[in-house]
Each structure stands twice: as structure tokens, then as C-alpha cells.
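Here it is, the structure in full.
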Amino acid sequence: MTATFRQVPEDFMVEEVLGWEPDGEGEHLFLRIRKRGVTTAEAVRRIARQAGVPVRQVSHAGLKDRQGVCIQWLSVHLPGQEDPDWTPLCDDELSVLEQCRNSRRLRIGTHAGNRFSIVLRGFRDPDGELERRMRSVRERGVPNYFGEQRFGRDNVHQLYDWFENGNVPRGRQHRSLLLSSARSLLFNRLLSWRVEQGDWDRLLAGDRMILDGSNSHFPAAAEQPERLAKRLLSGDVHPSGPLWGKGESAVTDAALALEQRLLHCFPVLCRGLEQRGLTMQRRSLRLPVQSLEYRAEEGGRLVLAFVLPTGAYATSVLRELCHYSDEGPLVVAEQDEVAGTGPRMSRGFGK
């Protein structure tokens, strides 16, 4: 199955699900904004300028793609100030949909998730695989890869230039982005090995299990095998992989051997992250996909809708449904090289 993606901004629509209600009073003005074709950082700059405050007084729960139509929340710290007039700010690129006060500012990751509506064009399904793949994604979820947008155009080369040659990139924010790219690449590689082994959503000896919707994790050996198998099947817990940093690995046995393979294959990235003070953390290998629906339309349009938790990427869902590209059908190896990922779960569909 093949398709093209994001031919126009309206082909990719995402709405931030806050998951809680602002309390209606306080120094922080919460704004629900709609942006089209601009980054979250640019939206923050425009909001700060209109409010007459420094950029540091505007915060967000998560970054949203530039190439799309996105609805998200921002907060502006306005102690002792009245609500600004946003009318001069609003245009086709940015508008304020709703505002309310809250006693605390918005922080990264404080929203519940994101609701996506995606249009794929030129969709072709010559083998009639779509319904079967949809069913599998609903039942099993998908491998929780970091999306290709995490890696930028030249992040990997800059990382090696920094870690090997000592050429420190300018800007704290840019360095933080590069370090995140390194951790994401290592996580994706380990996940791709587990996809190849067929145990990305199953128990591997020595695994560390992570609670669904949480950062809490525990050794698989601490749970009775029968009970753990039921919790895995229900989606209550998932196998986890490393977000690399200093400190002892939390896994043992076969799971530890796989993580040591990362150190053998990518010593520069692993040691570089450790030397820069990042500590070892865990991330779920499996991504549950909620409320997945689709609609086939005339002219080869396929409309998808689904909800993902925070920190997850819509492209991780799309890659399990079809081979897609922003510019036309793409060879699988080319896309996977950009994303730092590996084989698709779809190789096992129907088994």
C-alpha cells in the first residue's frame, strides 16, 4: 500500500487534548490557539510580542509540526495585568480560539495526548490489506518509534562532529535538541532489533516493564508470569527500551545483551551522552492507538483519525499502514534511514 502525505497543511490536523480544566483564576492566561504553517516557537514569539512580555513568559505543553493545522494550548504569565487584545494578531496563520485564567503555568507534557485527522492522497491498496492492518493496529498498537522529524536534516553529522571532534554546537537549545536526537536514534535502533525478533510487544528475558501512560517501570521478574502475560495482552504494561545516559542498565539477561549491542554498535553516541550528564531512562516499546477510524473517499483519498498519548508520533502509525512520502511513494529503506528506524511491524500481519 502506498500514498502521499501532507500535500497541503489541512492534510495533517492535530488537536492537543489538555485532559483537565484550567481553574479560571490566577496570573497565567491560557490560550487555545490554531496555527497553520508556523512552528510552535514562532507562535510563542508572536503571542509574546502582542502581549508585550518576554518569550520566557510564554509556555507550552508540547511542540507541534509546522507543516499542518494544529490546535494547541499556550500560557502567558501576566501578573497584575489585564488580558491583551489578540485581534491584531489573528490571521490565516495564527488565531486565538479560547482563553481562560489558571493559577499555574503550562508545563511540557502536562496535556493528556493529541487527536489526529490525516488525509492520505493517491492511496493504493492492490492486495486489500487495509482492513486487516487497521484491525492489527487497534489490537496490538504499533512500535513506538520516534518520528523522522526528531532528527532534522543534519543532526546525526553534528552529533559526531561534537562528540568526536569537540566542535560544540552553539546555543543551549540546539545542543539539547541534538542530545535528544542521539537518544532517539539509539532507542529506535534497539526497537527495530526487537521488531526483527518479533518481541517488541512481548516479554524478553530480563525485560523492564513500563506502566501504560506512565514513566513508572518494574522488572518483569517481579511479576508472576501468568499475570504479567495477561497485563501485556490487555495493554496495561509494555516492554521498555533505554533512553541512553549514565548509570547502570535496569535490565538483565537477553534484554541486557541487546542494550550492550547498542554500546558496541554506537560507542560514540552512547559515551557522548553519558559524558554530558544524561541519566538512563526508559520508554515504552509499544504505542497503543486509541479511537482509530478510517474513511475511503473518491479520488484515492484515505482519511484517518486516531488519538495518541503525549510523546508519540503519528508517523509511527502511518508507517505500519502504508509506505508514504510527503513527495510521492518512497522506497522503504530511504525513509527508514532518515527516521533511524527499521523493519515495519506489518511484515508480521496476518500471522
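No lab work stands behind these numbers, since they all come straight from the coordinates. Since the model is a prediction, treat every value here as computed from it, not as a measurement. All Cβ positions, glycine included, derive from the backbone under ideal geometry; neighbour counts span all protein chains shown.
Given a Förster distance of 30 angstrom, what is the FRET efficiency for Gln173 paired with Ala257, based on the Cβ-Cβ distance and rounded to 0.05?
That gives a FRET efficiency of 0.25.
Right, here's the next one. Mean residue ellipticity at 222 nm from the helices of the chain, using -39,500 (n - 2.57) per DSSP H segment of n ≥ 4 over the full residue count, to the nearest 500 deg cm²/dmol?
When only DSSP H runs of four or more count, the value is -9500 deg cm²/dmol.
Output the relative contact order of region 38-185, whole-number percent, from Cα pairs under 8 angstrom with separation of 6+ residues.
17
Taking every Cα atom in region 1-149, find the radius of gyration and the maximum pairwise distance Dmax, and write them in Å.
Over region 1-149's Cα set, Rg and Dmax evaluate to 18.3, 63 Å.
At q = 0.08, 0.11, 0.14 Å⁻¹, what log₁₀ I(q)/I(0) does a Debye calculation on the Cα points of the chain give, no solvent, two decimals?
-0.43, -0.83, -1.28
Select from Val53, Gly109, Ile71 the residue farthest towards the positive end of the dipole of region 12-156; place +1 on Cβ of Lys and Arg, -1 on Cβ of Asp and Glu, and compute about the Cα centre.
It is Gly109.
Could I ask something else about it? Could you give the distance between the Cα centres of region 208-223 and region 77-126, to the whole Å?
Here the answer is 33 Å between Cα centres.
Can you grab the distance from the C-alpha centre of region 227-263 to the C-alpha centre of region 10-57, Å, no decimals?
About 36 Å separates the Cα centre of region 227-263 from the one of region 10-57.
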